[in-house]
Every structure is written in C-alpha cells, then in structure tokens.
Amino acid sequence: MVTGAWKHFRTITYHKYLVMKGCFAVGLYRQGLTHDLSKYSPTEFLVGARYYQGDRSPNNAEREEKGYSSAWLHHKGRNRHHYEYWIDYSTREVPGGMAPVEMPVKYVAEMLMDRIAASKVYRGSRYRNSDPLDYFLSAKEPPVMHENTRKLLLRLLTMLAEDGEEKTFAYVRTQLLKKKR
C-alpha cells in the first residue's frame, strides 16, 4: 500500500497542478489553489491508495468491487466543479425526482480544466485536445446535468478539440468569465 500511496499522491498532485495551471490561465486563482483538496483527506486518499492503478480513477476500481465508491460520494459533495454537486430533488417538475441545477460559469470553467487535466494524466503522451470531448461523448447515458450546463460544457470541449487550449482558454478568460462574474 505504501507504493500505491506514493504513486496515488504523485498522480493527484500532478492532476491538481495541471488544473491549477489551467485555472490560473483563465483568472480563476482561488479555484486553482483549492481544487480537489478533499482528495488529500483520509476518506478519499486511503481509497485512492488502495485501488491505485495509474491509468484510470481508483474510484472506478472501488466501485467495481463494492458496487459504489465511498471516495467519490465524499468527493462530489465537496467540490463544486462536479455537476453531481449541483443535483437536488425536485418538488415541482417530478416530485422526488432528480433536479439538476445550472452550474455557475466559474465552476463550469473549472470542470473544463479538471477534464483536461484528467485526460492528460491518464493518457500521458497520447493526449490529444479531443480526448476530453471524446470521453464526454462516450458516456453510455447522458449525465443528469442541467441543459444549459451541458450545452456550455459541450461548446467548450468542442472548441478545445477544434481550436486548442490557447484559443479556448482565451475565450473562457475574456468572454465567458468576464460576462458572468
């Protein structure tokens, strides 16, 4: 487990560094600094060390073994850049049903950086700017995500795939975040 713990620590720290770099590039300094700090908590870190594989999220391995991921349940409830954080129960449209809430734009921007960083970490030298979009589109079922959030994320992932990081980050910094703050 010590080897897994060290490798997991390196992986999440490198991921956090990449997200921080992306967030700084678009002016989200606080989010860059505080991104995924819960991954260092015992609840998440110990699971990550135990199920570490290096080429995918350890949460998936825990989920396969247990049928759920305790680390993910902890993580998504503390990190606003995950659309799952923004799901509530409806009392109007479908009483007792799931009601996705539109995410504030600054968290959608952080989610973009998170998806880019995860793709870079797990794909390594094989990373392409289209990888985050491909991963999003490969979902077996569409995520329970507010329609406006989905459209914005899809637009940003498509821009990244077609135009690259420099143009996408410039758009996020000068257009998207300037309008919605």
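The one condition from (1) in contact (Cβ under 8 Å) with a residue 24 or more places away in the chain; (2) closer than 16 Å to V108 by Cα that G48 does not meet is (2). Checking each residue in the stretch 123-178 for being open to solvent by 80 Å² or more (accessible area, probe 1.4 Å), of a type in the set (D, E, K, R) and in a helix (DSSP H, G or I) picks out R126, E147, K151, R155, E162, E166, K167, R173, K178.
If only residues of the stretch 41-53 that are out of contact with any His (no Cβ under 6 Å at 6 or more places or on another chain) and surrounded by 14 or more Cβ atoms within 10 Å (Cβ to Cβ) are counted, the one that is modelled with the lowest pLDDT is Q53. Taking the stretch 119-154 as the range and being over 20 Å from V105 (Cα atoms), in contact with a helix residue (DSSP H, G or I) (Cβ under 7 Å, 6 or more places away or on another chain) and not β-branched (V, I, T) as the test, the residues that pass are S119, K120, R123, Y127, N129, S130, D131, Y135. When D88 is tested against the conditions (1) over 20 Å from Y135 (Cβ atoms); (2) assigned to a helix (DSSP H, G or I); (3) open to solvent by 70 Å² or more (accessible area, probe 1.4 Å); (4) among the charged types (D, E, K, R), the lone failure is (2).
Has the stretch 83-94 got at least one residue that is in contact with a Gly (Cβ under 7 Å, 6 or more places away or on another chain), modelled with pLDDT under 95 and either of a type outside the set (K, R) or on the phi < 0 side of the Ramachandran plot (or both)? Yes; the residues of the stretch 83-94 include at least one that is in contact with a Gly (Cβ under 7 Å, 6 or more places away or on another chain), modelled with pLDDT under 95 and either of a type outside the set (K, R) or on the phi < 0 side of the Ramachandran plot (or both). Note on the stretch 1-38: residues that are open to solvent by less than 30 Å² (accessible area, probe 1.4 Å) and either touching a Ser or Thr at 6+ places or on another chain (Cβ under 6 Å) or part of a loop (DSSP other than H, G, I, E, B) (or both) total 4.
Please specify each residue of the stretch 58-74 satisfying the condition of being out of contact with any Ser or Thr (no Cβ under 6 Å at 6 or more places or on another chain) and either touching a residue at least 12 places away in the same chain (Cβ under 8 Å) or among the charged types (D, E, K, R) (or both).
Selection gives P58, E64, E65, K66, S69, S70, A71, W72.
The values are calculated or read from the model by the stated rules, or taken from the named source; none is laboratory data. A quick note: this is a predicted structure, and the numbers were derived from the prediction, not measured. Ideal geometry is used to build each Cβ from the backbone, glycine not excepted, and the neighbour counts take in all protein chains shown. Accessible surface is based on the protein model in full, side chains and every heavy atom, while ligands, DNA and RNA are left aside. Shrake-Rupley method; radii C 1.70, N 1.55, O 1.52, S 1.80 Å.
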